[in-house]
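Let me begin by presenting the structure, written as structure tokens, before commenting on it.
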Amino acid sequence: MIFDPILDIFRGKAITIPPLDGAFRANTALDDAAVFAALPGVDNLCVAGGTLYATSGATLYTVADGAPQEVETFDAAITALAAAPDSTLAVALDDGTLMEEGKPADLPKGVDCITALAYGSNGSLWLANGSDRHKASDWAADLMEKNAGGSVWLRHAGESFRRIAGGLGWPYGVLPQGDGDAAIVSESWKHRLIRVGLEGVDPVLDNLPGYPARLSPADGGGAWLAIFAPRNRLIELVLQETHYRYDMIATVPRDYWIAPALSSNRSFLEPLQCGGIRTMGVHKAWSPTRSYGLVAKLDDDIAPVFSLHSRANGNRHGTTSAVEFDGRLVVASKGGDSILAPEVM
Amino acid sequence: MEPIVRMEGITKAYRSVPAVKNVDFDLNEGEIHALLGENGAGKSTLTKVMAGVVAPTSGKITYQSKPVQFDTPHEALEAGIAMVFQETSLVPSMTVAQNLYLGSEKFLNRLRGIYISAQQFLQSLNFAVDPTAMVETLGAAQRQMVEIARAVHHDARVIVFDEPTATLTPEEKRHFFALLRRLKARGVSIVFISHALEEALMISDRITILRDGELVATGPTSDFDREKIIAAMVGRTLSGELYSKRDVSHLRKPGKKVLSVQDISMGAMVRNTSFSVFEGQITGVFGLIGSGRTETFKIVAGIYKRDFLRGGAITLDDEPVRYYTPSEAVRDGIAYVTEDRKSEGIFETMSIGENLFGGLLSAGREDGLLIRTRAIRELAEEWTGRLNIKTINSDARVVELSGGNQQKVVIGKGLVQKPRMVIFDEPTRGVDVAAIAEIHEIIKALADEGLAVVMISSYLPEIMNLSDRILVCRQGRIVEELSPVEATEEKIMYAAVH
């Protein structure tokens, strides 16, 4: 109707969550997946020189034959991990340090929330800085404050970092494209993937049903996208209610905020309970939930092809990273404290 | 034992075309007698003759050993023969209690007294219906309950139920069958017309089968099984055609996303429901009555309006849409084939062609200033052929058609609009087995042509047999999507009720 644009001023913009169908059709692939290795709090995964590296807290591990072996423990939690073409590792820490070849690297001022790192084939290093206000471990606070102070930086070999894009809502994953002069970046708080390059920023996939996390290349083209938490109506409502949100931040312990989580159902104090979740002791797979496990396969055009799920009644939640290793997909389930090897390849 | 009703040589002809021909039918005291047949076989006509709704062209009726000739349904009711119609005949603007007592009011009535006795009466039948509720506010199942209660309330000795379970949920059906057994124990004789053959086999003592207006078989239920009944009904064996095991290796692949519904809400009926519909696929939607599935798709078709504030979003080809009238949706290529054909789907007293032409008018494909009778006739001839509508001639009024053929007219009315998405709401409700097979073929052909097809059904075998993906609706939300590969009746029902 011709009056709709005027009525929309009064109605407000509809905040909607896309359905889990089509390529995102719900399944139990992550819950059915074999455990590749048990590692509490596993976060980053990365393959360098034929070895799978994983991080948990401040410790870097190698994972072989299902058993994590400690490599090194740092002073702060590891927030990002990347392998250079020569198989050396870059490690970002929650205190804002970037370690390359065992030494702190020079970072521009304001880059102290590194959420993702990735090397391009030309040796360039892409860096995602999640926020200009919070540390990487304070992601929930950054979301609840509805900040958009994230940025993406690029450093060509032998040069210093330069800012490629700013004003982003928690960039959390970087996938270099071509020779490394452009990258696909997951922007979590805006539920979308964008192409970032010297020409500017261009959305490539938006309206995702969750909060996108890290990206990794897929063998044969395309990419794997880890989605670390689902969107739900209650959280969307809270994000619209400013006063309520700030009261909640000020008075409620962070674990019990009405906010996305990496795992849930571990305490009776959590929000989202009762008959909408559980009936006669059975947890409904389709119930609203704060945490979820979701990994999507994207094609060359960054369009979703299929996805792997751990639903509301599963426990392989908080999928923060997914990479291909030794001809199979491995997924870090931070909420499920394990590295999974789903049957997809 | 002398039967309570004996009908001998009954013939009823409309415009000299016989609907029933020389049928003999006996109903014993305290028995449940299932009357089966395809749509158009003459079941409703035969029972309407019994209940005084129509007068027979020839034949004799004996009731309680006396010859009778009922000229009105009221006379039959007074004598103790009541009929519960397939389409309810309640007064929508009156309350449940007023409908119960309609026709048996005293000179002075105390409304409160009527409500109290109606409440007690409905409770005795185990029907959860508020006697003070207006009938127009009730769902189809509750209306059916009131209709049944009204027949029982009139202390009938013979009750004819025409498709009583079509609108009932499994739970409500259990209550209904328990009620039939209680009535039977009280000596009431029951004629039970149903298309659900399992129900007839389960509940009845005897079965009579009509085909093309003629009696083809009658006998104790123990002499029949599903295959025998179907063979007698249609004169051929349909086994394997209907509801056979689906070959899940040939599911249609989803095409382009046509419709995306995100978090739409409408009062308490539809709550934050989200789903998508794809081209070239049959999207089956299952839900119990009251689950909001019809309401959800009526919002999509512009018949209902979603909430003004926080009502969600609907996009058609990635363009946001908000329809205020159904014709806007029709013009965008969305056709809705209603579950309630009598009141929403057809103009009963108009011809097939005029009904189809109405579809063209609403699609804006005819200006309506000049109604061309030739175009109407051509339309009728084309679509009676394409949809195999069985009729005396293409000028026939829709009211003269059987239920299955009326349904085909409703479908035709949608298809003449050349839609890109068709929503079938209970497409085979009150339709006989042969017509069901034909309607299923129509639905499959549309999906094969690349149209986006939605099929809402509360009959699980139908959902499982036709759908390429299955959405389950519960309490106003789509709660689950299943692939026919993994779906079982138990899984679907679990999602629908838990």
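Of the residues A:281, A:314, which is small (Gly, Ala, Ser) and free of Cβ contacts under 8 Å to residues at least 40 places away in the same chain?
The match here is A:281.
Taking segment B:275-308, which residues are out of contact with any strand residue (DSSP E or B) (no Cβ under 9 Å at 6 or more places or on another chain) and either surrounded by 22 or more Cβ atoms within 10 Å (Cβ to Cβ) or away from chain A (no Cβ under 14 Å) (or both)?
B:289, B:290
For segment A:93-120, what are the residues that are closer than 14 Å to residue A:174 by Cβ, hydroxyl-bearing (Ser, Thr, Tyr) and over 14 Å from the mean Cα position of the chain (by Cα)?
Residue satisfying the conditions is A:119 alone.
Out of B:228, B:253, which single residue is modelled with pLDDT under 90 and within 13 Å of another protein chain (Cβ to nearest Cβ)?
Of the residues listed, the single one that is modelled with pLDDT under 90 and within 13 Å of another protein chain (Cβ to nearest Cβ) is B:253.
Picking from A:30, A:7, which residue would you name as being more than 14 Å from every other protein chain (Cβ to nearest Cβ) and either under 21 Å from residue B:320 (Cα atoms) or touching a residue at least 60 places away in the same chain (Cβ under 8 Å) (or both)?
A:30
Name the single residue, out of those in segment B:478-489 being among the aliphatic types (A, V, I, L, M) and over 20 Å from residue B:297 (Cα atoms), that is nearest to the other protein chains (Cβ to nearest Cβ).
Per the criteria, the residue is B:485.
Given the conditions (1) basic (Lys, Arg); (2) more than 14 Å from every other protein chain (Cβ to nearest Cβ); (3) closer than 18 Å to residue A:212 by Cα; (4) out of contact with any strand residue (DSSP E or B) (no Cβ under 7 Å at 6 or more places or on another chain), report the number of the one that residue A:311 does not fulfil.
(2)
All but one of (1) away from every other protein chain (no Cβ under 14 Å); (2) acidic (Asp, Glu); (3) surrounded by 13 or more Cβ atoms within 10 Å (Cβ to Cβ) hold for residue A:21; which doesn't?
Exception for residue A:21: condition (1).
Go through segment A:314-341 and give me each residue that's in a loop (DSSP other than H, G, I, E, B) and surrounded by fewer than 24 Cβ atoms within 10 Å (Cβ to Cβ).
The answer is A:314, A:315, A:326, A:327, A:337.
Which of the numbered conditions does residue A:250 fail, given that it passes all the others? Conditions: (1) touching a residue at least 40 places away in the same chain (Cβ under 8 Å); (2) among the hydrophobic types (A, V, I, L, M, F, W, C); (3) surrounded by fewer than 15 Cβ atoms within 10 Å (Cβ to Cβ).
Here residue A:250 clears every test but (1).
Based on this model, can you work out whether residue B:380 counts as in contact with a strand residue (DSSP E or B) (Cβ under 6 Å, 6 or more places away or on another chain) and at pLDDT 85 or above?
No; evaluated as a whole, the condition is false for this residue.
Among the candidates A:62, A:79, A:73, A:16, single out the residue that is of a type in the set (Ser, Thr, Tyr), surrounded by 15 or more Cβ atoms within 10 Å (Cβ to Cβ) and within 21 Å of residue A:333 (Cα to Cα).
Going through A:62, A:79, A:73, A:16 in turn, just one is of a type in the set (Ser, Thr, Tyr), surrounded by 15 or more Cβ atoms within 10 Å (Cβ to Cβ) and within 21 Å of residue A:333 (Cα to Cα): A:79.
For every residue, the table says whether it meets (1) in contact with a strand residue (DSSP E or B) (Cβ under 7 Å, 6 or more places away or on another chain); (2) surrounded by 21 or more Cβ atoms within 10 Å (Cβ to Cβ); (3) basic (Lys, Arg).
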| site | (1), (2), (3) |
| --- | --- |
| B:116 | no, no, no |
| B:120 | no, no, no |
| B:123 | no, no, no |
| B:145 | no, yes, no |
| B:148 | yes, yes, no |
| B:153 | no, no, no |
| B:156 | yes, yes, no |
| B:161 | yes, yes, no |
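Name the residue, out of B:492, B:456, B:439, B:443, that is buried (at least 19 other Cβ atoms within 10 Å of the Cβ), under 21 Å from residue B:270 (Cβ atoms) and more than 14 Å from chain A (Cβ to nearest Cβ).
The match here is B:456.
Of all the helices (runs of 4 or more DSSP H) wholly in segment B:107-207, which have at least 3 residues that are under 24 Å from residue B:425 (Cα atoms) and at pLDDT below 90?
Qualifying helices (runs of 4 or more DSSP H): B:140-153, B:170-185, B:197-203.
Could you figure out which of (1) more than 30 Å from residue B:473 (Cα to Cα); (2) under 18 Å from the mean Cα position of the chain (by Cα); (3) among the small types (Gly, Ala, Ser) isn't true of residue A:327?
Among (1) more than 30 Å from residue B:473 (Cα to Cα); (2) under 18 Å from the mean Cα position of the chain (by Cα); (3) among the small types (Gly, Ala, Ser), the lone unmet condition for residue A:327 is (2).
Out of all the residues in segment B:344-354, is one or more within 28 Å of the chain's Cα centre (by Cα), more than 19 Å from residue B:415 (Cα to Cα) and away from chain A (no Cβ under 11 Å)?
yes
Six or more apart or on different chains, Cβ under 6 Å: which pairs go from a residue in segment B:379-391 that's touching a residue at least 40 places away in the same chain (Cβ under 8 Å) to one that's not charged (D, E, K, R)? Could you list them?
Partner pairs satisfying both residue conditions: B:387/B:412; B:390/B:405.
I want to confirm something. Restricting to segment A:284-308 and keeping residues that are within 14 Å of chain B (Cβ to nearest Cβ), part of a loop (DSSP other than H, G, I, E, B) and touching a residue at least 40 places away in the same chain (Cβ under 8 Å), which single residue is surrounded by the most Cβ atoms within 10 Å (Cβ to Cβ)?
Ranking the qualifying residues of segment A:284-308, first place goes to A:289.
Can you find even one residue in segment A:72-80 that is away from chain B (no Cβ under 14 Å), part of a strand (DSSP E or B) and closer than 15 Å to residue A:341 by Cβ?
no
Exactly one condition in (1) acidic (Asp, Glu); (2) on the phi > 0 side of the Ramachandran plot; (3) out of contact with any strand residue (DSSP E or B) (no Cβ under 9 Å at 6 or more places or on another chain) is false for residue A:326; which is it?
(3)
Can you tell me which residue in segment B:314-334 is surrounded by the fewest Cβ atoms within 10 Å (Cβ to Cβ), limited to those that are more than 10 Å from chain A (Cβ to nearest Cβ) and without any contact (Cβ under 8 Å) to a residue 40 or more places away in the chain?
My answer is B:319.
Looking at residue B:311, is it small (Gly, Ala, Ser) and at the interface with chain A (Cβ under 9 Å from one of its Cβ atoms)?
yes
The values are calculated or read from the model by the stated rules, or taken from the named source; none is laboratory data. What you see is a predicted model, and the numbers here were worked out from it, not measured in a lab. Heads up, the Cβs are rebuilt from the backbone with ideal geometry, glycines too, and the neighbour counts pull from every protein chain shown.
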